[in-house]
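Report on the following structure.
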Amino acid sequence: DTAVSQTPKYLVTQMGNDKSIKCEQNLGHDTMYWYKQDSKKFLKIMFSYNNKELIINETVPNRFSPKSPDKAHLNLHINSLELGDSAVYFCASSPTSGSSYNEQFFGPGTRLTVL
Amino acid sequence: AQSVTQLGSHVSVSEGALVLLRCNYSSSVPPYLFWYVQYPNQGLQLLLKYTSAATLVKGINGFEAEFKKSETSFHLTKPSAHMSDAAEYFCAVRNAGNMLTFGGGTRLMVKP
């Protein structure tokens with residue numbers, strides 16, 4: 001199946017730990033993103049990344065860092081987890097040309113719970 | 001930066017009734033606007049998009065939206081609601097870096 005996939009689907013961890021969420025897309029897209037959805041369903045962009053440029057939302061703490069081993073992957077690393085990091089994290093990707101230009105394709109989400 | 005506002009965090013309609021979900025945008029340049037749907041415990045799925053072509057945009061599942069510059073609106077409609085339309089709906093605008101800024105979402109409930 002062509003899609004954006006994320007692992008794990010659920011992640012429960014203690015405050016202060018460091019964790020990673022993986023994202024992979026097999027759509028051949030050039031740009032990938034991370035979004036955070038809080039408990040009130042509010043969605044906020046965290047990062048936009050392609051092989052040329054990383055754009056960071058200025059409100060994102062520097063404990064969060066995206067890492068891209070190749071064009072198909074954009075992993076999210078979180079250091080020193082805090083209670084407020086509990087949320088659902090969505091990965092997305094988009095092409096830079098073609099009929100789907102401007103469309104973002106979302107993964108199923110990773111629900112992070114910090115205890 | 002561009003932004004969108006969704007009026008009404010919850011909308012309830014009867015099955016078969018008209019669905020109207022409101023979205024207003026703020027933008028200093030012609031906006032690219034989107035509607036996404038999120039079913040429970042799932043990711044977001046694109047319903048439709050406006051990219052400065054036709055002002056009436058048709059999407060999947062019978063939804064459509066009309067871009068009205070004079071009203072800075074991009075409301076989502078469907079003539080007849082189905083039970084399967086119950087979900088969270090998000091309006092979004094494209095910003096720099098092709099990043100999306102979302103509205104607060106509207107939960108659509110469909111009563112039998």
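The values are calculated or read from the model by the stated rules, or taken from the named source; none is laboratory data. Bear in mind the structure is a predicted one, so any value in this text is a computation, not a measurement. No Cβ is skipped: glycine too gets one built from the backbone with ideal geometry, and neighbour counts run over all protein chains shown.
Overview of results
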| read-out | value |
| --- | --- |
| In the range A:87-104, the residues that are within 10 Å of another protein chain (Cβ to nearest Cβ) and of a type in the set (Ser, Thr, Tyr) | A:Ser94, A:Thr96, A:Ser100, A:Tyr101 |
| Residue list for the range A:56-86, restricted to those being within 14 Å of chain B (Cβ to nearest Cβ), exposed (fewer than 12 other Cβ atoms within 10 Å of the Cβ) and touching a strand residue (DSSP E or B) at 6+ places or on another chain (Cβ under 9 Å) | A:Thr59 |
| Filter result (surrounded by 14 or more Cβ atoms within 10 Å (Cβ to Cβ), in a strand (DSSP E or B), over 11 Å from the mean Cα position of the chain (by Cα) and modelled with pLDDT of 95 or more) within the range B:1-18 | B:Val11, B:Val13 |
| Entirely in the range A:19-115, the strands (runs of 3 or more DSSP E) that have 1 or more residues that are among the aromatic types (Phe, Trp, Tyr) | A:31-37, A:43-49, A:64-67, A:87-94 |
| Options B:Tyr50, B:Tyr25: the member that is farther than 20 Å from B:Ala81 by Cβ, among the hydroxyl-bearing types (Ser, Thr, Tyr) and away from chain A (no Cβ under 14 Å) | B:Tyr25 |
| Residue that is farthest from A:Asp18 (Cα to Cα), among those in the range A:77-103 that are modelled with pLDDT of 85 or more and of a type in the set (Val, Ile, Thr) | A:Val88 |
| Hits in the range B:56-96 - residues which are touching a Ser or Thr at 6+ places or on another chain (Cβ under 8 Å), β-branched (Val, Ile, Thr) and buried (at least 21 other Cβ atoms within 10 Å of the Cβ) | B:Val93 |
| Pairs where the first residue, in the range A:29-55, is at the interface with another protein chain (Cβ under 7 Å from one of its Cβ atoms) and buried (at least 20 other Cβ atoms within 10 Å of the Cβ) and the second is hydroxyl-bearing (Ser, Thr, Tyr) and not in a strand (DSSP E or B), C-beta under 8 Å, 6+ apart | A:Thr31/A:Thr96 |
| Wholly within the range B:55-110, strands (runs of 3 or more DSSP E) carrying at least 2 residues that are within 14 Å of chain A (Cβ to nearest Cβ) and within 12 Å of the chain's Cα centre (by Cα) | B:87-94 |
| Selection status of B:Leu47, farther than 19 Å from A:Lys44 by Cβ and surrounded by fewer than 14 Cβ atoms within 10 Å (Cβ to Cβ) | no |
